[in-house]
Amino acid sequence: MATLHLEKERCKSCEFCVTECPKEALSTCEDLNSGGYHYVEVEEEKCNCCGLCYVVCPDGVFEIRAQ
Amino acid sequence: MAVARKIPKIMEEPTAFCAGCGHGILNRLIAEVLEEKGQEKNHILILGVGCNCNMNFTWGGDKLQCAHGRATSVARGAKTGRPDTLIISYQGDGDAYVIGLSDTINTAYVNTNVTTFAVNNTNYAMTGGQMSWTTIPGQHTTTSASGRDCESTGNPIKVPEIIAQNFDVAYVARGSLHSAKEINKTKKYVRNAIEAQLNGEGFSLVEVLAQCPTNWKVSTVDANEWLKDKVVPIYPLGEFKKREGRDDK
């Protein structure tokens, strides 16, 4: 079992992860981070921790932790 | 099956690039390979002038800022002085292929045991998106407002092909960052280039086609499509000079 963790302050809302996610588990939210970006959120019940978001993210937002 | 993944320590400081810029992805690929090879404290990143200057404030390893275009020449000097240290020049297309073309070609000509990563985003991004020698035909930039006219400005320059076809170097490849699949392929090229230097095989060059939504004047998501549909057909991907005896890498 693994879990996906997001560092919302690093997100610049490029949405590369949103378009790459095969489970449509990621989306940008209404709130802004301190950089002024609509950061990305995950619907945990949809996510299978495949890691594609980690691969395409230019800003190191994602971490997958094995449990 | 899920695999634990975390950005390398070298990348812990958030990048200073624009949203959707490919530099951040390449930064991570290089940092991952350095970590895998145990080189995170045994490398010097030789920085050219361009958007990559932002790495002066974020890259967690040793680095050196060079005068415009001189990164590969500085890398040669650094390798001479510190032959046991991994020496990597990190440059943009304007730095490595235009103002620094002579330095890049000379480094390939003498086959110095250093590695160059050249980020090709088809424009001079840091200065506001002027036309570069790598700008694709018809591309609109601030200095080719009607679209690049190749009859009067020349055709896009393909330095990896020039070097692979003319010089006895260790490894030459071109990758792209427009999808997870191509990013994973590009990481293999990055790994090969660094391994070539670690094995003392000679000069290695990897050109990386990267998104520049800010200067392409497209959305970040559209930049990936733009890269795939318009840039990749001009600049073929793959390995142009494979490492000897390692065709399957």
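Read-outs throughout are calculated quantities, based only on the coordinates presented, and are distinct from any laboratory measurement. Predicted, not measured: the structure shown is a model, and the values here were computed from it. Positions of Cβ are generated from backbone atoms using ideal geometry, with glycine treated the same way; all protein chains shown enter the neighbour counts.
Antiparallel beta bridges, as assigned by DSSP with both residues in chain B, represent about 15 percent of the total such bridges.
GNM remark for chain B: springs join alpha carbons under 10 Å apart, and the peak mean-square fluctuation among B:ALA170, B:ALA145, B:ALA75 falls on B:ALA145. Sparse packing (at most 16 other Cβ atoms within 10 Å of the Cβ) combined with a DSSP loop state is found for the following trypsin sites (Lys or Arg not before Pro) in chain A: A:LYS23, A:LYS46. Viscosity 0.692 mPa s, temperature 37 °C: Stokes-Einstein D of chain B from its Kirkwood Cα radius, in µm² per second? The Stokes-Einstein estimate is 184 µm²/s.
Positive-end ranking of A:GLN67, A:CYS47, A:HIS5 along the dipole of chain A, with charges on Cβ about the Cα centre, is headed by A:GLN67. Overall dimensions of the protein assembly as shown, expressed as equivalent-ellipsoid semi-axes from the Cα gyration tensor (√(5λ), whole Å, largest first), are 30, 24, 17. Considering only A:PRO22, B:THR214, B:LEU45, the residue lying farthest towards the positive end of the dipole of the protein assembly as shown is B:LEU45, judged by Cα position with unit charges set on Cβ.
Taking 19 Å as the straight-line reach from the Cα of B:LYS37, the aspartates and glutamates in range (excluding those fewer than 8 positions away in the same chain) are B:GLU12, B:ASP62, B:ASP84, B:GLU195, B:GLU201.
Strictly under 4.7 angstrom between C-beta atoms: which cysteines of chain A have no such partner? Result for chain A is A:CYS11, A:CYS14, A:CYS21, A:CYS29, A:CYS47, A:CYS49, A:CYS50, A:CYS57, no neighbouring Cys Cβ within the cutoff.
Each residue of the range B:158-164 is assigned a 3J(HN,Hα), and the resulting list reads 10, 5, x, 5, 4, 5, 5 Hz, derived from the Karplus form 6.51 cos²θ - 1.76 cosθ + 1.60 (θ = phi - 60°), x at Gly and Pro.
So how far, in whole Å, is the C-alpha centre of the range B:85-112 from the one of the range B:208-243? If we compute the Cα centre of each part, the gap is 21 Å. Overall, the protein assembly as shown carries a charge dipole of about 760 debye about its Cα centre when +1 sits on the Cβ of Lys and Arg and -1 on the Cβ of Asp and Glu, all other atoms neutral. Considering only B:PHE17, B:PHE57, B:PHE203, the Gaussian network model of chain B with Cα springs below 10 Å gives its largest mean-square fluctuation to B:PHE57.
Using a ≥ b ≥ c from the Cα gyration tensor of the range B:30-129 (square roots of the eigenvalues), is it rounded, prolate or oblate, where a/c under 1.5 gives rounded and otherwise the larger of a/b and b/c decides, a/b for prolate? Oblate is the answer for the range B:30-129, as a/c is 1.5 or above yet b/c matches or exceeds a/b. Seen from a random direction on average, the alpha-carbon convex hull of chain A projects onto 4.1 square nanometres.
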